[in-house]
Structures are given as C-alpha cells and as structure tokens.
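The values are calculated or read from the model by the stated rules, or taken from the named source; none is laboratory data. Because the structure is predicted, anything quoted here is derived from the model rather than measured. Using ideal geometry, Cβ is built from the backbone for each residue, glycine included, and neighbour counts are taken over all protein chains shown. Keep in mind that these areas ignore ligands, DNA and RNA; they rest on the heavy atoms of the full protein, side chains included. Shrake-Rupley method; radii C 1.70, N 1.55, O 1.52, S 1.80 Å.
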Protein chains: 2
Amino acid sequence: MTVCRRARRREIVLFQRLASCFDNTGFCGIGVDAIAEAAETNKMTLYRHFGSKDDLICEALRFTSEKAAAFWDLLEASHPNDPMAQLQSWVKARAQCLADDKYGCDLANAAVELKEQGHPAHVVIENFKLAQRRRLEKLCRDAGVSEPELLSDTLSMLMEGAQVSKLATGSEGPSMRFMRACEAAIASFRQPARNTADTVGSEA
Amino acid sequence: MTVCRRARRREIVLFQRLASCFDNTGFCGIGVDAIAEAAETNKMTLYRHFGSKDDLICEALRFTSEKAAAFWDLLEASHPNDPMAQLQSWVKARAQCLADDKYGCDLANAAVELKEQGHPAHVVIENFKLAQRRRLEKLCRDAGVSEPELLSDTLSMLMEGAQVSKLATGSEGPSMRFMRACEAAIASFRQPARNTADTVGSEA
DNA sequence: TCGAATAGTTACCGACCGGTCACACCTATG
DNA sequence: CATAGGTGTGACCGGTCGGTAACTATTCGA
C-alpha cells in the first residue's frame, strides 16, 4: 500500500507537468520522447505508469478535468446563495482564462484533434463537457432567467467559440468581445420572457 | 502557358478531392501516402504540384476559403437589398452546415491543430476568418441592429463554438440550440439600444 | 502525328515514431 | 543495513514518416 501511494504521488507530479505539455504541439504533433522531456522524466518511466500514449493522453485530460471541477466548487463558495452573481463571476473567470491561456481548453482542443471515432479520450471529453453544461444550466436556472437551457448553451458556445476564434484570428478577433457578448446574452434573458425568437420570422 | 493551364486544371481536381481528406484524420494524423490515395493519385504527383506537405495543406485551405467566399455572393444575391433577410439566411445556412458536416470548418480545425507559431497556414486561416468577420459585420450594420460589431462577433463565436461543441459532445450538446441562440441574439439587438450590459452590474 | 509536358510506378533515403528490453542506480521503509 | 520498489539510461525493434531519384506510360497541344 505504501508503494502504491508512492507511485500515485509520482503520477500526480507527472500530470501537473504534463498538463501544459500538449498546448504548443497538440497531441499528434508531439512524440513520447518529447513528452517525457516536458515531464522532466524519461520514456520508460512514462510507460511504466501508462499503457500507451493514448492512455497517457486520456489520463492527462482526466486530471485536467478534475482540476476544472474544483473551479466550480470555488465559484459556488465565492457567492453563496447568489446564483446571478455566480453566473457573472463565471463570465469573468472565463474571460480571464481566455486572456491568460494562450491555447484554449485542452479538452476542447483534444476533441478537435482526436476526432477519429473510438479514441479513448472521447468519453473523457464528453463526460467533462456534459458535466460543465449541467452545472452551467443549473446556475442559469437558479439565477431565474427566462430560458435557462438556451442561455446556458449560448454561453457554452460563446466560450468555446471565443477560444477557437482566438486561435484563428488572435486576441483582436471576435473573442475580444466575449465578455460583452456574455453580458448581453444574460441581460437579454433577464427580462420576463418575450424577446427570444418571436421577432425573427423563421418557421420550422 | 497552355501547359500552365493544364497543370492548373489538374490542381483544381486535386483540391476538390483533397477538400474532405483531412476531415477524418486531421492534418498531422495523415501521411502523404494516404493523402495521395484520397486524392486518387500518387505521392510523386503531389510533390510535383506542392513543395511540401505544409504547402499542400495551405493550398487546400486556400481553395476551401475561396469556395466559402462564393457562398457570400450567393447569400447577397438571394435577398437583394434586404440585409436582415440575408442575416437570417446566414443563420439558416450555418445551421445547415452544422447539421451536414460531420467535422466543422476545416480552417477552424486547422487553427486548433496547427498552433505551432509560424506555420504557413496561419496567414491563410487568419485572412479567411477576418474576411468572414468583415462581411458579417457589414451585414449586421446594414441590417440596422443596435450594436453591429457586438452582434457580429457574437454570431461568429456562436458559430465556431457550435462546431467544436458538436465535436466534443455530439449533436445533442449545446450546438443543438445554435439556431435559437442566434435568433435570440439577433432579436435582442433589434430593439433600439438599451438592453446590452446595463442590467448586469459589472464594473471595469 | 510528333514532341514535350505531365502522370504513374517502384524503390529508396534518413529520421523519427511508439514501444520494449536489460541493467545500473537510487531511495524509502522494515 | 539490507532489500524491494521505483527511476534513469541507452540500445534496440519494426514501422511509418516526409521527401527524392530514375524511369516508363500517358496525354495533350502545335
């Protein structure tokens, strides 16, 4: 058991160093040797902890997603019993991430890059994104907006879109208005219920 | 000169076959041999037309972006002198692409995958996305909405976000509400000017 | 129809890929 | 202090990578 704990401790250290390792190169574009170097270790040690490169990627993504889950707990604790303040705090935090992280969410990038069907990372990505969606939707619902599902998905899309847009056109592209777009969306759903799709004449 | 035209014709055929070639595998995940097979030719012919794999990727992206430019002309022709109808038509067309294309915009995917600085594809991607942004913003402005720049960037982010979100969580994720989100955004900017960020109490 | 330009084929290059092996080296714990 | 569990090192495997050479077959324009 003590050995097990020793190994686990080592893995956590590895994960932390691995977290920002795929950012520059992507997942296919980096070799296991380079990964090992970034993790300040060597290839054999990596292969003693993980069955394969794909397995390693999965575990690294899982680690990242668990760290992100902690963010939500922090968010709820920061404004207890004030979901609207939490929602605004979420926007602010996402805008901060957008400004800080040069390359967006690892999970989202992995979804784009590893799109061959059946890649083991897919279930990690999907579980993470669905969990995020659930929490955001709950937040919107608790905040009492008129259409919580629609607002939640709008904010999700704005967030993902801002990140890929920043990769494509830099920080002076559409992503520069991410925060204002979120605020406008929230504001438009705050008033009772009437201005969603009735003024746009589209059938189906 | 005639030979030049002959070669150019061949290149166009190659491009058309290449267009959907990177969709399944990404750009790093496919070898030149496989690319040649997908283009129904062989590696030597590819290398006689393009200097390198990166060059080939750039040209393929450029071809795709030129095809996309034609879409805008079609859009304007479909509803002459009715920018709001064009805007709604844009939303509908993007929703259709979202439903049809299994993997989103090649240019956006390339931006995510080829994020090493200095990759020659970056200028192609950036030029394309900025051009799209300009046209969308002009459309919003002509449609007479209250904040054309903000609406345009909101729609851009929703579009990019819907695509990556679909890759991450499938068509039942946030992307399922892409069209409604766009319509709500347009609607909220149609009325005079007052509901953008004043109800959300955020300083800075 | 002739000749030049292009396409196809095959084999090949060095480099690197993911992954494994054997073996020496640490280091924490009994 | 002995030892088992973990780490570091370097060589190695077969396969594939991007890219090229040499040569033949085909096609198209004058």
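Say whether the condition of being closer than 27 Å to B:F189 by Cβ, away from DNA strand D (no atom under 11 Å from the Cβ) and of a type in the set (K, R) is met by at least one residue in segment B:86-95. Within segment B:86-95 (the criterion being closer than 27 Å to B:F189 by Cβ, away from DNA strand D (no atom under 11 Å from the Cβ) and of a type in the set (K, R)), the answer is yes, since at least one residue qualifies.
With in contact with a His (Cβ under 9 Å, 6 or more places away or on another chain) and either aliphatic (A, V, I, L, M) or within 9 Å of DNA strand C (Cβ to nearest atom) (or both) as the only criterion, which of B:L18, B:L14, B:L46, B:L61 stands out?
Details: B:L18 fails: in contact with a His (Cβ under 9 Å, 6 or more places away or on another chain); B:L46 fails: in contact with a His (Cβ under 9 Å, 6 or more places away or on another chain); B:L61 fails: in contact with a His (Cβ under 9 Å, 6 or more places away or on another chain).
The match here is B:L14.
Considering segment A:143-162 alone, what residues qualify as being facing chain B (nearest Cβ under 8 Å) and surrounded by 24 or more Cβ atoms within 10 Å (Cβ to Cβ)? Hits for segment A:143-162 are A:S152, A:D153, A:T154, A:S156, A:M157, A:L158, A:M159, A:E160, A:G161, A:A162.
Give me a count of the residues in segment B:106-136 that are among the charged types (D, E, K, R) and facing chain A (nearest Cβ under 8 Å). Within segment B:106-136, residues that are among the charged types (D, E, K, R) and facing chain A (nearest Cβ under 8 Å) number 6.
For the subset of segment A:24-40 comprising residues that are open to solvent by 20 Å² or more (accessible area, probe 1.4 Å) and within 14 Å of chain B (Cβ to nearest Cβ), which member is nearest to DNA strand C (Cβ to nearest atom)?
Taking segment A:24-40 and keeping what is open to solvent by 20 Å² or more (accessible area, probe 1.4 Å), we get A:24-25, A:28-29, A:31-34, A:37-38, A:40.
Within this subset, residues satisfying the condition of being within 14 Å of chain B (Cβ to nearest Cβ) are A:24-25, A:28-29, A:31, A:34.
Working: A:N24: 13, A:T25: 9, A:C28: 7, A:G29: 8, A:G31: 3, A:A34: 6 Å.
Only one residue tops the list, namely A:G31.
Pairs meeting the criteria (first residue in segment A:23-37 and within 14 Å of DNA strand D (Cβ to nearest atom), second residue open to solvent by 40 Å² or more (accessible area, probe 1.4 Å) and assigned to a helix (DSSP H, G or I), beta carbons under 6 Å, at least 6 apart or on different chains) are A:V32/A:K43; A:V32/A:K53; A:D33/A:K43; A:A36/A:K43.
Looking only at segment B:120-133, which residues are under 19 Å from A:Q163 (Cα atoms) and surrounded by fewer than 23 Cβ atoms within 10 Å (Cβ to Cβ)?
Taking segment B:120-133 and keeping what is under 19 Å from A:Q163 (Cα atoms), we get B:121-133.
Answer for segment B:120-133, where residues must be under 19 Å from A:Q163 (Cα atoms) and surrounded by fewer than 23 Cβ atoms within 10 Å (Cβ to Cβ): B:A121, B:H122, B:V123, B:V124, B:E126, B:N127, B:L130, B:A131, B:R133.
Looking at segment B:88-103 only, could you name the residues that are part of a helix (DSSP H, G or I) and more than 12 Å from B:M179 (Cα to Cα)? Scanning segment B:88-103 gives a single hit, B:D100. Looking across A:E147, A:E116, A:E137, A:E126, one residue alone is modelled with pLDDT under 95 and either polar (S, T, N, Q) or touching a Ser or Thr at 6+ places or on another chain (Cβ under 9 Å) (or both). It is A:E116.
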